[in-house]
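Please read the structure below before turning to the comments.
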Amino acid sequence: MTIKAYRKKRQFSKTPEPIGRRTKSKRTLRFVVQKHHASNLHYDFRLELEGVLKSWAIPKGPSLNPSEKRLAVQVEDHPIEYSTFEGNIPDGEYGAGSVIVWDTGTWKIQDEGNIENGKIKFTLRGEKLKGHWTLIRMGSDINSKNWLLIKEADKYASTENILAIAPNSVKSGISLEALSLQSRIQKLSRKRK
Ligand code: MN
């Protein structure tokens, strides 16, 4: 279990995010991309591996264009259950803001590369992200958190802006803006009681 850092940052009595109990990895590995408006809008890219979700925050979001390499900052492993989390993290809590499941599906390692070695080639089978991708750590420092997410040239590569074409949740269809508005309305109605 390597989700200690994840738990330490959160008060589960206050945030609706999962505490994470499952440790066994299923046969089919899941991936998820969560669109998260915390202090800044970003996309959290997570790959299920060895019972946790390996996680990177991508400030600009993934691109289908192989020439647009996107910075992906590795963050703490998240529990498997996080892959379906969509909701509002309360003000004052870690990562406060709204989260939607922007894309999800399964993934497969393509070659012998692995995360420890700083390079992994894989295939995604999501609704929005498909085909071959590479994650590669920047520079020679093995402790560096900075990686690049790159779309490989294949039939799924495109110069279209997938973030703009398909902005909403694949789980509920909701937009991040509508979800955030819902939480503000709930807060207001609680105050009036
Ligand atoms: Mn985030």
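Counting C-alpha atoms alone, how compact is the stretch 46-193: give Rg to one decimal and Dmax as a whole number, in angstrom.
17.0, 58
Using all Cα-Cα distances in the stretch 5-94, what percent lands in each 10 angstrom bin from 0 up to the longest?
So the P(r) values, bin by bin, are 16, 47, 30, 7, 0.
Residue-wise, which Karplus ³J(HN,Hα) couplings in Hz belong to the stretch 145-156, taking 6.51 cos²θ - 1.76 cosθ + 1.60, θ = phi - 60°, and x for glycine or proline?
Here the 3J(HN,Hα) series is 8, 8, 10, 10, 9, 10, 7, 7, 5, 7, 5, 8 Hz.
About its Cα centre, how strong a charge dipole does the chain have in debye, to the nearest 20, once Lys and Arg get +1 and Asp and Glu get -1 at the Cβ?
Its charge dipole is roughly 800 debye.
How many nm is it between the label spots at residue 136 and residue 81, if each spot is 7 Å from the Cα in line with the beta carbon?
About 3.8 nm, to one decimal.
For the chain, take the longest principal axis of its alpha carbons; what is the angle in degrees between that and the long axis of helix 176-192, to the nearest 10 within 0 to 90?
Computed tilt is about 20 degrees.
Toward the positive end of the charge dipole of the chain, about the Cα centre and with charges on Cβ (Lys, Arg +1; Asp, Glu -1), which of 153, 73, 36 goes farthest?
Working it through, the farthest residue towards the positive pole turns out to be 36.
Under the rule of -39500 (n - 2.57) per DSSP H run of 4 or more residues, summed and divided by the residues of the chain, what mean residue ellipticity at 222 nm is obtained, to the nearest 500 deg cm²/dmol?
Roughly -3500 deg cm²/dmol at 222 nm, from the helical runs in the chain.
No value in this document is a laboratory result; all are computed from the given coordinates. Keep in mind the model is a prediction, meaning the values are calculated, not measured. Positions of Cβ are backbone-derived with ideal geometry, glycine not excepted, and every protein chain shown enters the neighbour counts.
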